[in-house]
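Okay, structure first, notes after.
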Amino acid sequence: MHSIKSHQSNNKKTLEKKYDRFIKLYLEFNDYLREHHGFYLDSRLGYCLIQEVLKKNEKELMQHIGGKGHWFKKIYDTMDFKHEEVAKSYIPAAENHRQKNEEVKKRTVRNGQNQEIMTKTLVVNLAAYWEVHLRKEVSVAYGYDDPSDYKNDIWGYIVALRNSILHNQGRVDKKLFLRAKKVRKVFKLKEQIKFNEEFAYDIFQKADGFLWKLHKESLPKSWAKLRISKSIIDESRSERARKKKYKV
């Protein structure tokens with residue numbers, strides 16, 4: 001067992017760092033994060049497919065009845081959207097849901113209402129996972145007696161975001177403003193946060209950063225100062241290439 005001195009606690013207690021626990025936490029958090037990332041991308045893809053279905057149905061109906069122009073679009077927008085017909089399968093909850101094509105269009109459009117709800121849900125779930133489980137386990141791995149002694153800017157930011165969502169209608173409160181000045185430097189006090197896909201991407205990047213931290217902490221001290229690997233650099237270049245390909 002190796003000893004380290006805490007840089008996050010005011011007391012001078014020598015902490016016993018438990019490398020084996022960091023390995024376990026890295027694997028656990030990796031699974032949790034991948035599940036949420038997969039759910040997010042599956043949902044995002046689903047919204048794109050719904051948009052394609054709406055466009056296809058509108059075009060086919062227009063060709064069938066010979067309609068065109070603004071008046072036809074208004075008629076199509078007032079027609080019911082039926083999830084079971086699109087899915088071609090029984091969906092138990094579909095019976096109680098009645099919405100028009102126009103409402104579904106607005107909800108599933110890029111950075112629409114569904115994107116906002118999904119991003120808020122991601123933040124709330126991550127904050128709960130941190131407070132209920134991960135913070136306690138990480139503090140034990142570092143050797144703290146009290147989990148509140150371990151502090152992390154990324155998680156402090158995510159928790160403050162969660163509080164703004166649940167208690168301030170998604171607006172920046174004073175606590176989040178002070179936190180964000182240190183972490184992102186983009187918010188204004190009382191600003192309405194835009195929970196769009198770029199915001200979700202930023203949250204995933206921050207969570208991945210902490211995942212990488214857990215991985216590094218599981219390594220012996222002599223290995224701790226690792227350089228960024230070529231694969232991470234390539235990944236960054238790939239992100240720019242994908243944005244260019246899809247004209248983002």
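The values are calculated or read from the model by the stated rules, or taken from the named source; none is laboratory data. Since this is a predicted model, take the numbers as computed values, not measurements. Cβ coordinates were reconstructed from backbone atoms using ideal geometry, including for glycine residues, and neighbour counts include every protein chain displayed.
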### Task
Starting from segment 96-114, keep only residues that are crowded, with 17+ Cβ neighbours inside 10 Å, then list their pairs with residues that are assigned to a strand (DSSP E or B) whose Cβ atoms are within a distance under 6 Å, requiring at least 6 positions of separation or different chains.
Asn101/Phe81; Val104/Phe81
### Task
Look at segment 157-169 and say how many of its residues are closer than 13 Å to Lys206 by Cβ and free of Cβ contacts under 8 Å to residues at least 24 places away in the same chain.
1
### Message
Just to check your reading of the model, which residue among Lys151, Lys136 is at pLDDT 90 or above, outside any helix (DSSP H, G or I) and surrounded by fewer than 17 Cβ atoms within 10 Å (Cβ to Cβ)?
### Response
Lys151
### Query
Among the candidates Tyr144, Tyr129, which residue alone is in contact (Cβ under 8 Å) with a residue 12 or more places away in the chain and not in a loop (DSSP other than H, G, I, E, B)?
Tyr129
### Query
Does any residue in segment 78-95 that is modelled with pLDDT of 90 or more come within less than 6 Å, Cβ to Cβ, of a residue that is in a loop (DSSP other than H, G, I, E, B) and surrounded by 12 or more Cβ atoms within 10 Å (Cβ to Cβ) six or more places away or on a different chain, and which pairs are these?
His83/Ile91; Glu84/Ile91
### Summary
When segment 51-78 is checked residue by residue, the ones that are closer than 19 Å to Gly112 by Cβ and touching a Leu at 6+ places or on another chain (Cβ under 9 Å) are Tyr76
